[in-house]
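Rule-based calculations on the coordinates, nothing more; no lab input. This structure is a prediction, so every number in the text was calculated from the model and none was measured. So basically every Cβ, Gly included, is an ideal-geometry build from the backbone, and we count neighbours across all protein chains shown.
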Amino acid sequence: MVLGGAAKLLAQMRRGAIEFCVLALLRDRDRYGLDLARTLAADGLVTSEGTIYPLLARLRQEGLVETTWHESPQGPPRRYYQLTEDGRAALDAFIVQWRQFRDAVDVVLEGEPSQ
C-alpha cells in the first residue's frame, strides 16, 4: 500500500456506509444535525460537521428522513431528523446485505475455505 493509501481506503469505506449509520442513529429517536455529527465524529465515522449536512439533505430529498423544527433551550430552533418508513426499510435491507458482505470478507481475510 502506498503512503496515504490507508487514509484513502478508510475514506472510501466511510463513504459507502455513512448514510446507513445516520439512518441507524435515527432508528430509536429523532436527532438534530449537530448531535448526529458529534456522535459520528466520536466514533471516527466523520471527520467534520460539514460532511453531514449535505448527506442529511440528500436523505431528506430521497424520502428516507423527515424533519421538524424544535425550539432549543440554547439558541435558535433546531431541525430534527426522523426516520421514515422508507428509511427504515432501506436500513433493514442494508443490514441484511452488510452482514452477508462482512461475513464473506471475513472468510476471505481469515483464509477460511469457501463452501
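The table that follows gives values for the structure above.
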| read-out | value |
| --- | --- |
| Yes/no for L45 being part of a loop (DSSP other than H, G, I, E, B) and surrounded by 16 or more Cβ atoms within 10 Å (Cβ to Cβ) | yes |
| Qualifying residue in segment 83-99 (condition: touching a residue at least 24 places away in the same chain (Cβ under 8 Å), closer than 21 Å to L26 by Cα and hydroxyl-bearing (S, T, Y)) | no |
| Among (1) under 12 Å from the mean Cα position of the chain (by Cα); (2) closer than 16 Å to E66 by Cβ - the single one R14 does not satisfy | (2) |
| Residue under evaluation L25, criteria (1) over 16 Å from L83 (Cβ atoms); (2) aliphatic (A, V, I, L, M); (3) in contact with a Ser or Thr (Cβ under 7 Å, 6 or more places away or on another chain), criterion not met | (1) |
| Single match in R27, R60 (criterion: in a loop (DSSP other than H, G, I, E, B) and either under 14 Å from the mean Cα position of the chain (by Cα) or closer than 24 Å to A7 by Cα (or both)) | R27 |
| Qualifying residue in segment 84-103 (condition: within 22 Å of D35 (Cα to Cα), of a type in the set (A, V, I, L, M), in contact with a helix residue (DSSP H, G or I) (Cβ under 6 Å, 6 or more places away or on another chain) and part of a helix (DSSP H, G or I)) | yes |
| Contacts under 7 angstrom Cβ, first residue in segment 28-42 being on the phi < 0 side of the Ramachandran plot and among the charged types (D, E, K, R), partner exposed (fewer than 15 other Cβ atoms within 10 Å of the Cβ) and not in a helix (DSSP H, G or I), 6 or more apart | D30/Q82 |
| Given (1) in contact with an Asp or Glu (Cβ under 9 Å, 6 or more places away or on another chain); (2) of a type outside the set (S, T, Y); (3) within 21 Å of L26 (Cβ to Cβ), index of the condition D106 fails | (3) |
